[in-house]
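Chemist: Attaching a single structure in structure tokens format; questions to follow.
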Amino acid sequence: MSLSTSPSNQSTTAIVNSSTTNEAGKLLSLNDVSYHIGHQRLLSHIDIDIAINETVSIIGPNGAGKSTLVKLILGLIESTKGSITAHQQLQFGYVPQRFAVPPILPLRVCDLLGQADKRRLTAEQRQFIFDNLSLTHLLSRQMLQLSGGETQRVLLARALLDKPNLLILDEPMQGLDPDTEVWLYQFIDELPEFLRCAMLVVSHDLHWVMKGSRRVICLNKHICCEGQPSELAMSSEFQKLFGHHYEQPYVHQPHACEHHAPSEL
Ligand SMILES: Nc1ncnc2c1ncn2[C@@H]1O[C@H](COP(=O)(O)OP(=O)(O)OP(=O)(O)O)[C@@H](O)[C@H]1O
């Protein structure tokens, strides 16, 4: 496997079925990527292009290989076959599915947030993140003491403080109550210009994905189908995997929800 960086005008293998990525605006390409452990096939023949500032949602049943895909993109594991090409210098932001702080490790919110590179944002831009994620009153708290929603806000802030050009959110809504979920989806949907970036969102929340996403990839050890939600809902592969859970027609309503500040939640 290779992870290579190419100038943005250099073309790589085109992705089949991609309706939104344009050649010049690519950020990252996975070309025929497979990942096996021994004889166990975790992912096969993955072709994905992610464009600059594009949001891509990944859905799939348990064990489909979603987290494995994230680890491959982050470079935490190496694919058995294929290549991953970054068309620009990548700055990752990553909000993991789980964040376990060992009980014996004192780690305050300010310690975690202090690890971010302060040169990437201005003081005003950092303050915007603290204010909008309601973090100021949490700064001296231990990470271990935070609720699930507070932890997610801190992890999102940690990722954003690095001003990523690719933000990866692995099940960001796990453990959140419905109001906080709505607020967080709205927040990431409406990031200000200085934080605008490509996003890869792994989610089990089928209704949000189909309502709030513009491009969805359905994974089950390989890419079963991908496209706009309205196209995906018609696909027989999607119907086979999710048809019994999802029968509503797609309506894109990214701004239809009430906006809640996190301090109200
Ligand atoms: N290091 C490993 N060794 C062996 N099998 C593994 C390893 N890592 C993952 N797997 C297996 O690979 C499959 C895909 O795992 P992965 O965590 O990527 O799935 P997922 O789609 O993220 O699942 P979930 O929705 O349950 O989080 C699972 O069957 C898992 O048990």
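Chemist: Within segment 87-117, which residues are at pLDDT below 90 and over 23 Å from the mean Cα position of the chain (by Cα)?
Modeler: Pro102, Pro103, Ile104, Leu105, Pro106
Chemist: Go through segment 172-187 and report how many residues are out of contact with any strand residue (DSSP E or B) (no Cβ under 6 Å at 6 or more places or on another chain), under 12 Å from Val201 (Cβ atoms) and in a loop (DSSP other than H, G, I, E, B).
Modeler: The total comes to 1.
Chemist: If a residue has to be without any contact (Cβ under 8 Å) to a residue 60 or more places away in the chain and closer than 26 Å to Tyr35 by Cα to count, how many in segment 226-238 make the cut?
Modeler: Number satisfying all stated conditions: 5.
Chemist: For residues in segment 118-138 being in a loop (DSSP other than H, G, I, E, B) and surrounded by 16 or more Cβ atoms within 10 Å (Cβ to Cβ), which is nearest to the chain's Cα centre (by Cα)? First the steps, then the outcome.
Modeler: Within segment 118-138, the first condition is being in a loop (DSSP other than H, G, I, E, B), and the residues that meet it are 121-122, 133-135.
With surrounded by 16 or more Cβ atoms within 10 Å (Cβ to Cβ) added as a condition, the list becomes 121, 133-135.
On the way: Leu121: 21, Leu133: 18, Ser134: 21, Leu135: 21 Å.
Ranking the qualifying residues of segment 118-138, first place goes to Leu133.
Chemist: Tell me yes or no: at least one residue of segment 70-89 is more than 23 Å from Ile223 (Cα to Cα) and either exposed (fewer than 13 other Cβ atoms within 10 Å of the Cβ) or not charged (D, E, K, R) (or both). Talk me through it step by step, then tell me what you get.
Modeler: Within segment 70-89, the first condition is being more than 23 Å from Ile223 (Cα to Cα), and the residues that meet it are 88-89.
Among the residues that remain, those that are also either exposed (fewer than 13 other Cβ atoms within 10 Å of the Cβ) or not charged (D, E, K, R) (or both) are: 88-89.
Looking through segment 70-89, at least one residue is more than 23 Å from Ile223 (Cα to Cα) and either exposed (fewer than 13 other Cβ atoms within 10 Å of the Cβ) or not charged (D, E, K, R) (or both).
Chemist: Continuing with the same structure: Filtering segment 63-103 down to residues that are of a type in the set (A, V, I, L, M) and under 16 Å from Glu171 (Cβ atoms), which residue is nearest to the ligand (Cβ to nearest atom)?
Modeler: Just the residues of segment 63-103 that are of a type in the set (A, V, I, L, M), to begin with: 64, 69-70, 72-74, 76-77, 84, 86, 90, 95, 100-101.
Filter once more, keeping what is under 16 Å from Glu171 (Cβ atoms): 64, 69-70, 73-74, 95, 100.
Details: Ala64: 4, Leu69: 7, Val70: 8, Ile73: 12, Leu74: 13, Val95: 14, Ala100: 15 Å.
Looking at residues that are of a type in the set (A, V, I, L, M) and under 16 Å from Glu171 (Cβ atoms), I get Ala64.
Chemist: Suppose we filter segment 172-223 for residues that are modelled with pLDDT of 90 or more, within 16 Å of the ligand (Cβ to nearest atom) and either within 23 Å of Leu90 (Cβ to Cβ) or buried (at least 21 other Cβ atoms within 10 Å of the Cβ) (or both); how many remain?
Modeler: Initial filter on segment 172-223 (modelled with pLDDT of 90 or more): 191-202, 215-223.
With within 16 Å of the ligand (Cβ to nearest atom) added as a condition, the list becomes 200-202, 216-223.
Add one more test, that the residue is either within 23 Å of Leu90 (Cβ to Cβ) or buried (at least 21 other Cβ atoms within 10 Å of the Cβ) (or both), and what stays is 200-202, 216-219, 223.
Number satisfying all stated conditions: 8.
Chemist: Shifting gears a bit: Quick check on Ser57: is it among the hydroxyl-bearing types (Ser, Thr, Tyr), surrounded by 18 or more Cβ atoms within 10 Å (Cβ to Cβ), touching a strand residue (DSSP E or B) at 6+ places or on another chain (Cβ under 8 Å) and modelled with pLDDT of 90 or more? Lay out the reasoning, then the answer.
Modeler: Details: among the hydroxyl-bearing types (Ser, Thr, Tyr): yes; surrounded by 18 or more Cβ atoms within 10 Å (Cβ to Cβ): yes; touching a strand residue (DSSP E or B) at 6+ places or on another chain (Cβ under 8 Å): yes; modelled with pLDDT of 90 or more: yes.
It is true that Ser57 is among the hydroxyl-bearing types (Ser, Thr, Tyr), surrounded by 18 or more Cβ atoms within 10 Å (Cβ to Cβ), touching a strand residue (DSSP E or B) at 6+ places or on another chain (Cβ under 8 Å) and modelled with pLDDT of 90 or more.
Chemist: Return the only residue of Leu144, Leu167, Leu155 being buried (at least 19 other Cβ atoms within 10 Å of the Cβ) and assigned to a helix (DSSP H, G or I).
Modeler: Values: Leu144 fails: buried (at least 19 other Cβ atoms within 10 Å of the Cβ); Leu167 fails: assigned to a helix (DSSP H, G or I).
After applying the criteria, what remains is Leu155.
Chemist: Report, by residue number, each residue of segment 39-62 that is within 16 Å of the ligand (Cβ to nearest atom) and in a loop (DSSP other than H, G, I, E, B). Steps first, answer last, please.
Modeler: Of all residues in segment 39-62, those within 16 Å of the ligand (Cβ to nearest atom) come to 39-46, 48, 56-62.
Matches in segment 39-62: His39, Gly60, Pro61, Asn62.
The values are calculated or read from the model by the stated rules, or taken from the named source; none is laboratory data. A quick note: this is a predicted structure, and the numbers were derived from the prediction, not measured. Cβ coordinates were reconstructed from backbone atoms using ideal geometry, including for glycine residues, and neighbour counts include every protein chain displayed.
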